[in-house]
Structures are given as structure tokens and as C-alpha cells.
Amino acid sequence: MTRTRLGRRNLMAATAALGGITLLPRLALAKGSVTAAIYPGSWEEAYRAIVLPALKKTSDVDLEMVPLFAVDEIAKAKAARGAPPFDAFVLDPGPRILGIEGGLYEKFDGKKLTNLSKLPAGFTDDYGVCVGAQVVGIAYNPKKLAAPKGWKDLFSDPYASRLGLTGFQTTFGTASLIEIAKVYGGSETNIDPALAELKKILPKVAAVGQPAAMPSLFQQGQCDVMYTNTQTVSTLKGKGVDIEFVKPETGAIAFYTTMHIAKGSTEVENAYKYFDVVVSKDVQEALAKPPYNFVPVNVDVVLPADLPMKSLDEMTKYVTHDWAKINPLRAAWIEKFNKEMAK
């Protein structure tokens, strides 16, 4: 069957050209399609290269992706008032909880996934499915620095003068700064000790940047140590950058990325097919390989050798956080960091 498809981004452009007047409700795509929010950058690149053709091949479902960061997904879904701008969310823990609190998801039935038995216990619930894992710690240039033992090392030389800082905009940044606060007497809800210590070393810090800029700053040699995830380390290493990952002595940080069906979606069954392909063995294996370096969640996929664990079970011993407590404070933290840490 021949389909004529008008992408939502094209529709938005047409709306803008008409002076912002919306002539149509949420566009109903032809049968055999699903629209998914996706993180810009490496996620979008990987999903276009691997997931999109796999979904088409296995289910004859066309995948349209809308590049959005997690907080923007939640904001757009709330603003849509029951007419979701996409069928599927991809979210980290903090925004996931905001979506649950806002009633933004269809009830999820993990039994509809043919690959359910290939996921660890607890990787689906009434809200969605875990499609990826992230491990956060410290990255450093082994040709410039010895391996740091923990977060406190970053506050004395030679590390402080080669440190790259980023704020609370991302899950990995927020979690890292909370762990820094904890070693100086703070907690999940009190990050002031971290900011106080950062102020002391700010004049000598090598770089302060937006999260997306940190890999480039490291690659260019503008900083030689930073907090980040294993995916970034593996990607830079694949580009020939001298970089290694170390678990802080207080423990590596772990969190999971989940997918959810948007409340009011007209493509629920195709969303399930999309999720099923994402967690399938072949797709998870492909995503785990360079240049994408995702941490796989399918138990039939062997974890890459450069990860700091041999199995997903080890991640249960890593540091996790209560995002229900963190979410109400995070906006103020972002504002405070941006104001106080500007160089």
C-alpha cells in the first residue's frame, strides 16, 4: 500500500507559516506508523541507523522520530492537553516520575512484548519498559593524570585545574553533583556543600560548559577529567581520545532509561511493536557496538568488555537516587549553578 505521510515537524512549519493558526488537530498517521520522541544526538543517530530499519523489517511499521530532551517531552505532552504530539516517550528517572504524576502515560502491559522474558525482572511496570542502562562516574585522561579514587580528588590538584564542570540539566550531571555534595556533608536534597566547594576551586577549573559540549571540550584537551557516563567514554575512546572510566570509591551511579506510551495515543499497538524491537537481541547488540556504545538490557546480549561490570545484576549495588525528592528542587539548582558557576 502506498502511503503519503506528512511529518509533524513539517506540519508545525506549515502552521508557523500560517501565522501560528492550527488548522488541524493532531495528525493521524497512516496505519503502520508510530511517532516517538527521541533524545537528540547519539540516540537519534543510533535509532535512525538501527531501530528504524529493524522496525520496518520486522513489523512493517514506519518510525517517525521527534528529537526532544526529556524535560521538553513532558512539557509538550502537558501542553497538548490529551492530544499527544507523539506516541512514545523516552525518559530518564526524573522526568519519568513527572509523567507518572501528570497522568501522561497509557497503562503498560509488559506481556505484549515478545521479548519480555529476555529482560531482567522488574524492567517493566504499569507505566513502561526499561530500554537502556547508564553508569556514571569519573572520566580522565590517563596520559595526563593518574586515576582519581573518588569525588573529593577532583577538588585538589592536579585534578582541580584540569576539571570540566557541567550543571544539573542532565541526569548524569545532577546525580554526580549530588554525590559530590554527599561526600562534603550534603544529601539528595542539599547540594549547597557541593556548590560551596566548587566555588573555592572555580578560578582554577579548566572548563565549565553545557552537557552536550563536554565531550568536545575533553577531546580538544580543554579539560582532562570530568563526570560522565560510560557511553560518552566509549564513544570518545572509539575516536582515538585518551580517556578511561573509573568508579568512585563511594560507588558508580546507575540509572535506567525507559519508554512509555503517551496517553491518548492512536498508535498503541505500533508503540508496543516499537518497544519490542528496541529491546530485541539483535537491536540491543547493534546499539551496544561502536560508535553508539549503549549499555544493553537484553540478558542474551554480552556486555561490552570496557564496561565496569560483568552483568546487569551488579548495577543493583550501584548508587541510585530518589527522583521524587529531587524533581521539586532541580529547577532552582539549575538556576543557582548557572548563576554561581559562570566563568
Legend entry - Unique match (being open to solvent by less than 50 Å² (accessible area, probe 1.4 Å) and farther than 13 Å from F337 by Cα) among A133, A212: A133
Legend entry - Test: residue in the range 194-208 that is open to solvent by 20 Å² or more (accessible area, probe 1.4 Å), among the aliphatic types (A, V, I, L, M), part of a strand (DSSP E or B) and touching a Lys or Arg at 6+ places or on another chain (Cβ under 7 Å): yes
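Every residue, every condition in (1) open to solvent by less than 30 Å² (accessible area, probe 1.4 Å); (2) free of Cβ contacts under 8 Å to residues at least 24 places away in the same chain; (3) in a helix (DSSP H, G or I), yes or no:
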| position | (1), (2), (3) |
| --- | --- |
| S265 | yes, no, no |
| A271 | yes, no, yes |
| F275 | yes, no, yes |
| D282 | no, no, yes |
| N293 | yes, no, no |
| P304 | no, no, no |
| L307 | yes, no, no |
| K325 | no, no, yes |
Inset, instruction - Give the residues of the range 312-340 that are of a type in the set (G, A, S) and within 20 Å of the chain's Cα centre (by Cα), sorted by residue number. - result: A324, A331
Legend entry - Index of the failed condition, F168 passing every other in (1) in a loop (DSSP other than H, G, I, E, B); (2) surrounded by fewer than 22 Cβ atoms within 10 Å (Cβ to Cβ); (3) in contact with a Leu (Cβ under 8 Å, 6 or more places away or on another chain): (2)
Inset, instruction - Being within 15 Å of V136 (Cβ to Cβ), of a type in the set (G, A, S) and assigned to a loop (DSSP other than H, G, I, E, B) is the filter here, so list the residues in the range 227-256 that pass it. - result: G251, A252
Legend entry - Enumeration of residues in the range 251-287 that are touching a strand residue (DSSP E or B) at 6+ places or on another chain (Cβ under 7 Å) and more than 27 Å from K107 (Cβ to Cβ): G251, A252, I253
Inset, instruction - Name the residue, out of Q231, Q219, that is without any contact (Cβ under 8 Å) to a residue 60 or more places away in the chain and either among the hydroxyl-bearing types (S, T, Y) or within 28 Å of V295 (Cα to Cα) (or both). - result: Q219
Inset, instruction - Looking at (1) in contact with a strand residue (DSSP E or B) (Cβ under 9 Å, 6 or more places away or on another chain); (2) open to solvent by 40 Å² or more (accessible area, probe 1.4 Å); (3) over 25 Å from Y256 (Cα atoms), find the lone condition where G122 falls short. - result: (3)
Legend entry - Selection count where residues are within 15 Å of V208 (Cα to Cα) and surrounded by 13 or more Cβ atoms within 10 Å (Cβ to Cβ), scope the range 327-339: 4
Legend entry - Matching residues, the range 229-251, being at positive phi and within 21 Å of the chain's Cα centre (by Cα): G251
Legend entry - Hits in the range 61-96 - residues which are of a type in the set (A, V, I, L, M), free of Cβ contacts under 8 Å to residues at least 24 places away in the same chain and either closer than 21 Å to F168 by Cα or in contact with a Cys (Cβ under 9 Å, 6 or more places away or on another chain) (or both): A75
Inset, instruction - Output the residues belonging to the range 309-323 that are assigned to a loop (DSSP other than H, G, I, E, B) and surrounded by 18 or more Cβ atoms within 10 Å (Cβ to Cβ). - result: M309, Y318, H321
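The values are calculated or read from the model by the stated rules, or taken from the named source; none is laboratory data. What you see is a predicted model; the values in this text were computed from it and never measured. Quick reminder, even Gly has a Cβ in these numbers, built from the backbone with ideal geometry, and neighbours come from all protein chains shown. Each accessible area value is taken on the protein alone, full model and side chains, heavy atoms only, with ligands, DNA and RNA left out. Shrake-Rupley method; radii C 1.70, N 1.55, O 1.52, S 1.80 Å.
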